[in-house]
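Student: Dumping the structure here so I can ask a few things about it.
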């Protein structure tokens, strides 16, 4: 037993005094945060220029654990908040890190419109198929026949396929991974951080306390083994082929990677066209205070 | 707490080091299951929170690939490679 020579590579990006986290043993959210710190590590960004915005929920706690400019907003309103942040300071790399209930149910409208307008932000959606923090209610991503606290006889509504939704709304980078695919996820997050426009990464993640226990699917580790067994990597696949079904094959990969003008670029192009020299483009204040 | 693997072969240029923070571990066993070389196991002992943290059961197998560090949801374990000249010096 000797003292470690190297420090933990993740600790630079974390508020270590807040650890251990509130997440249950076997929860995959921590693994996704781990991958995000590694993506940040590889990207070499100035951490003062990275902001992270979270909504409410288990995944909403991520903003509290990352040692960046972090904002914990109201339920479902992480994307509107991030839009404002990005427009006021276009130099910022804005990351929205939230759960499936927060982004696709309560903030579903904001998700589709941010994708349509191509706001320059990265949205990381950790999909654990349930509202974990409030007691396991059904979400738009809960599979048909899966049991949730509000659907004791099994869910019966059609589910969202989030990559397909964001692709059809015009996201420029759409990927899906599971918390088992740590290396691919870290690489994908790094790629997405370096892109411009609306980037969306869905991460399937086990919820051992509510989703798995209610459906008698075992512990978090069992779900991770299931992801390992059942997931198929299809990079560049059409998002129409990526529908998920209860306990069926999971298609993962980077599905969409394209270029499209962001909403600020589109605005500047249109205004310059109409107003000509009269139009003064907005300049980011950066870190300078307004009076300097 | 850290555990290092001994240099088993003479031609080995590095050895794996695994550092484990027993107290923040929640015993989810992701690192044990997904260690590509199967070098980790869970302790039979408990930490202060009542979980079984992992330990490097087969140090000779570890090559410091840091897969355990990628999987850990509680940032409690990581691995790295240590050059053997560095150790001798």
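Student: Which of the following residues is more than 24 Å from residue A:195 (Cα to Cα) and either in a strand (DSSP E or B) or in contact with a helix residue (DSSP H, G or I) (Cβ under 6 Å, 6 or more places away or on another chain) (or both): A:20, A:7, A:25?
Tutor: On the way: A:7 fails: either in a strand (DSSP E or B) or in contact with a helix residue (DSSP H, G or I) (Cβ under 6 Å, 6 or more places away or on another chain) (or both); A:25 fails: either in a strand (DSSP E or B) or in contact with a helix residue (DSSP H, G or I) (Cβ under 6 Å, 6 or more places away or on another chain) (or both).
Checking each option against the conditions leaves just A:20.
Student: Okay, moving on. Report yes if residue A:136 is free of Cβ contacts under 8 Å to residues at least 12 places away in the same chain and on the phi > 0 side of the Ramachandran plot, otherwise no.
Tutor: no
Student: In segment A:25-41, how many residues are more than 8 Å from chain B (Cβ to nearest Cβ) and more than 22 Å from residue A:78 (Cα to Cα)?
Tutor: Total satisfying the criteria: 1.
Student: Residues B:87, B:19: which one is more than 26 Å from residue A:206 (Cα to Cα), outside any loop (DSSP other than H, G, I, E, B) and at pLDDT below 95?
Tutor: B:87
Student: Do we have residue B:14 as buried (at least 17 other Cβ atoms within 10 Å of the Cβ), at pLDDT below 95 and facing chain A (nearest Cβ under 8 Å) here?
Tutor: No, not satisfied.
Student: If you don't mind, there's one more thing I want to ask. Quick check on segment A:75-90. Is at least one of its residues within 14 Å of chain B (Cβ to nearest Cβ) and in contact (Cβ under 8 Å) with a residue 24 or more places away in the chain? First the steps, then the outcome.
Tutor: Kept after step one, since they are within 14 Å of chain B (Cβ to nearest Cβ), are these residues of segment A:75-90: none.
No, every residue in segment A:75-90 fails to be within 14 Å of chain B (Cβ to nearest Cβ) and in contact (Cβ under 8 Å) with a residue 24 or more places away in the chain.
Student: Where residues in segment B:33-76 are in contact with a strand residue (DSSP E or B) (Cβ under 6 Å, 6 or more places away or on another chain) and at the interface with chain A (Cβ under 9 Å from one of its Cβ atoms), which of them is farthest from residue A:35 (Cα to Cα)?
Tutor: The residue in question is B:66.
Student: Could you check, for segment A:221-234, whether at least one of its residues is within 18 Å of the chain's Cα centre (by Cα) and either closer than 25 Å to residue A:99 by Cβ or crowded, with 18+ Cβ neighbours inside 10 Å (or both)?
Tutor: No: zero hits.
Student: So which residues in segment A:203-230 are closer than 25 Å to residue A:174 by Cα, within 14 Å of chain B (Cβ to nearest Cβ) and not in a helix (DSSP H, G or I), if there are any at all?
Tutor: A:203, A:205, A:206, A:207 - these are the residues of segment A:203-230 that are closer than 25 Å to residue A:174 by Cα, within 14 Å of chain B (Cβ to nearest Cβ) and not in a helix (DSSP H, G or I).
For every residue, the table says whether it meets (1) in contact with a helix residue (DSSP H, G or I) (Cβ under 7 Å, 6 or more places away or on another chain); (2) surrounded by fewer than 24 Cβ atoms within 10 Å (Cβ to Cβ); (3) at pLDDT 95 or above.
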{"position": "A:142", "(1), (2), (3)": "no, no, no"}
{"position": "A:146", "(1), (2), (3)": "no, yes, no"}
{"position": "A:151", "(1), (2), (3)": "no, yes, no"}
{"position": "A:156", "(1), (2), (3)": "no, yes, no"}
{"position": "A:160", "(1), (2), (3)": "yes, yes, no"}
{"position": "A:172", "(1), (2), (3)": "no, yes, yes"}
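Student: Right, another one. For segment B:49-58, state whether one or more residues are over 19 Å from residue A:30 (Cα atoms), touching a residue at least 24 places away in the same chain (Cβ under 8 Å) and under 9 Å from the mean Cα position of the chain (by Cα).
Tutor: Just the residues of segment B:49-58 that are over 19 Å from residue A:30 (Cα atoms), to begin with: B:50, B:55-58.
From the residues that got through so far, the ones that are touching a residue at least 24 places away in the same chain (Cβ under 8 Å) too are B:55-56.
Then keep just the ones that are under 9 Å from the mean Cα position of the chain (by Cα); that gives B:55-56.
Yes, the conditions are met somewhere in segment B:49-58.
Student: Residues that are touching a residue at least 24 places away in the same chain (Cβ under 8 Å) and either within 14 Å of chain B (Cβ to nearest Cβ) or closer than 23 Å to residue A:161 by Cβ (or both): does segment A:42-50 have at least one?
Tutor: yes
Student: Limited to segment A:105-139, what total is found for residues that are surrounded by fewer than 16 Cβ atoms within 10 Å (Cβ to Cβ), assigned to a loop (DSSP other than H, G, I, E, B) and touching a helix residue (DSSP H, G or I) at 6+ places or on another chain (Cβ under 8 Å)?
Tutor: Summing the residues that are surrounded by fewer than 16 Cβ atoms within 10 Å (Cβ to Cβ), assigned to a loop (DSSP other than H, G, I, E, B) and touching a helix residue (DSSP H, G or I) at 6+ places or on another chain (Cβ under 8 Å) in segment A:105-139 gives 1.
The values are calculated or read from the model by the stated rules, or taken from the named source; none is laboratory data. Remember, predicted model here, so these are calculated numbers, not experimental data. Neighbour counts run over all protein chains shown; Cβ positions are idealised from the backbone, glycine included.
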